[in-house]
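The values are calculated or read from the model by the stated rules, or taken from the named source; none is laboratory data. Keep in mind the model is a prediction, meaning the values are calculated, not measured. Quick reminder, even Gly has a Cβ in these numbers, built from the backbone with ideal geometry, and neighbours come from all protein chains shown.
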Amino acid sequence: MKPFDELKRLEPGLEYLGIRNIKKAHWNLCSPKLYEQATRRGEGVMSHLGPLVIVRPPQSPISTGRAPNDKFIVRDPETENIINWGDVNIAFDPEKFDYVFERLKAYMQDRELFIQDVYAGADPKYRLAVRVITEYAWQSLFARNLLIRIRDRSQIPHFTPEFTVIAMPKFLANPKLDGINSETFILVNFSQKLVLIGGTYYGGEIKKSVFTALNYLLPQKNVLSMHCSANRGKKGDTALLFGLSGTGKTTLSADPKRALIGDDEHGWSDDGIFNFEGGCYAKVIRLSKEAEPEIYETTRKFGTILENVVCDEETRLVDLNDDAITENTRAAYPLTHLENTVKEGMGGHPENIIFLTADAFGVLPPMSRLTIDQATYHFLSGYTAKVAGTEAGVTEPKATFSTCFGAPFMPLHPSE
């Protein structure tokens, strides 16, 4: 048994992680309070009409996109024979994970933490209870926007996390000591139901780590996890649009004549399809009111986070055409910012499935109608292109094969 004084130092609610000596824990703050914290702490500025523009700290790690080469999965008896190990799902030693986690917990001492309790999965039968712990208020708002928030706050005290994500951007890895490629890391431990993120300020790593967890858990429950957007027609017909990040899922699914179910991640069960998220993470470089009016309006609303977007210091006007920081400018907003959505986040079995190959080299016809066998082949091979800016180091379209149009987030074998 631990001494009483040691137990007392443990942070209430975070005892299961062994986190202690926290300066202050901000539990489940609402969006206005997170705005107040973010602006007070200099994490961002409020722009014209209300969006929060994130300001990168001076000399911060360059993190304007995902870092797939810095993502690892802990290899242990539970995962040994189920993970599709290789260049995408890179194995990581359990002892090294524990060592990094102990150092990370030491880093968190005497710091303010922000905690959001949310769900992933609109279908209550398959939803995952996720706790997101961050050192920045804007990251907590990001989790609140992108995942499914608890509307009835009286239910929050009864929340029990099934998976935990800890994101500490200012905590840097020691590559030689930790066996990691760089100072950035995303470590996924399915046995401990825990993800550690450090050395990156890119919000997308939080949502994609949750997506990775669902892609591990749901196929084992006979649910297909999909990297796709989904919408529903007036007659109730559901459509899916598969594609890598930046290939048009969000743009095409925001059809004003069809109700949006979700823009990026879904599950397909025996009952139909359901959104994993409660928000959208849209690419907004050169976004215009004429071409994409629904998404454009979200960049002018309170609650939206603008990431990598240039903002004038004097007028607080944003310039969506400016790619000085990166091509991968992003808006993170809740689905409630859009008018034409499916409130329950669920739909029937799809009648149309579209693969957005983003073929940058003219290998395929502009449009093809596939047979079942052809669709199976293209889904498993996933010929497509990485789009500039979405991943670190990608500056122009690059042909690739990304199985299921989402290989970076698929820990299981494609046949699953």
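If you go through segment 151-158 one residue at a time, do you hit one that is touching an Asp or Glu at 6+ places or on another chain (Cβ under 8 Å) and assigned to a loop (DSSP other than H, G, I, E, B)? For segment 151-158, residues touching an Asp or Glu at 6+ places or on another chain (Cβ under 8 Å) and assigned to a loop (DSSP other than H, G, I, E, B): absent.
With respect to being surrounded by fewer than 19 Cβ atoms within 10 Å (Cβ to Cβ) and closer than 22 Å to Asp263 by Cα, Leu380 fits the description.
Being of a type in the set (Ser, Thr, Tyr), touching a strand residue (DSSP E or B) at 6+ places or on another chain (Cβ under 9 Å) and at pLDDT 95 or above is a property that does not hold for Tyr99. For the structure I just gave you, tell me whether Ala167 is part of a loop (DSSP other than H, G, I, E, B) and buried (at least 17 other Cβ atoms within 10 Å of the Cβ). When the stated conditions are applied, Ala167 does not pass them. Residues being free of Cβ contacts under 8 Å to residues at least 60 places away in the same chain and buried (at least 20 other Cβ atoms within 10 Å of the Cβ) are represented in segment 336-353 by at least one member.
Is it the case, given these coordinates, that Ala173 is closer than 14 Å to Arg103 by Cα, assigned to a strand (DSSP E or B) and either in contact (Cβ under 8 Å) with a residue 60 or more places away in the chain or among the small types (Gly, Ala, Ser) (or both)? Outline the logic, then answer.
Values: closer than 14 Å to Arg103 by Cα: yes; assigned to a strand (DSSP E or B): no; either in contact (Cβ under 8 Å) with a residue 60 or more places away in the chain or among the small types (Gly, Ala, Ser) (or both): yes.
Taking the combined requirement at face value, the residue does not satisfy it.
Residue under question is Lys343, and the condition is that it be basic (Lys, Arg), on the phi < 0 side of the Ramachandran plot and modelled with pLDDT under 90; does it hold? Criteria not met by Lys343. If you go through segment 275-311 and keep only what is of a type in the set (Ser, Thr, Tyr) and closer than 12 Å to Ser47 by Cβ, you end up with Thr299, Thr304.
Please go through segment 296-328 and pick out each residue that is among the hydroxyl-bearing types (Ser, Thr, Tyr) and either modelled with pLDDT under 95 or surrounded by fewer than 15 Cβ atoms within 10 Å (Cβ to Cβ) (or both). If the condition is that a residue be among the hydroxyl-bearing types (Ser, Thr, Tyr) and either modelled with pLDDT under 95 or surrounded by fewer than 15 Cβ atoms within 10 Å (Cβ to Cβ) (or both), then Thr315, Thr326 are the ones that fit.
Of the strands (runs of 3 or more DSSP E) contained entirely in segment 349-416, those carrying at least 1 residues that are modelled with pLDDT under 90, more than 19 Å from the chain's Cα centre (by Cα) and aliphatic (A, V, I, L, M) fall at 383-386, 398-401.
Out of all the residues in segment 323-330, is one or more part of a loop (DSSP other than H, G, I, E, B), of a type in the set (Ser, Thr, Tyr) and either without any contact (Cβ under 8 Å) to a residue 60 or more places away in the chain or more than 22 Å from Gly267 (Cα to Cα) (or both)?
Taking segment 323-330 first, the residues part of a loop (DSSP other than H, G, I, E, B) are 323-329.
Next, only the ones that are of a type in the set (Ser, Thr, Tyr) stay: 326, 329.
Checking which are either without any contact (Cβ under 8 Å) to a residue 60 or more places away in the chain or more than 22 Å from Gly267 (Cα to Cα) (or both) leaves us with 326, 329.
Taking every residue of segment 323-330 in turn, at least one turns out to be part of a loop (DSSP other than H, G, I, E, B), of a type in the set (Ser, Thr, Tyr) and either without any contact (Cβ under 8 Å) to a residue 60 or more places away in the chain or more than 22 Å from Gly267 (Cα to Cα) (or both).
Put simply, of Arg111, Arg131, Arg75 the only residue that is touching an Asp or Glu at 6+ places or on another chain (Cβ under 9 Å), closer than 21 Å to Pro411 by Cβ and surrounded by fewer than 21 Cβ atoms within 10 Å (Cβ to Cβ) is Arg75.
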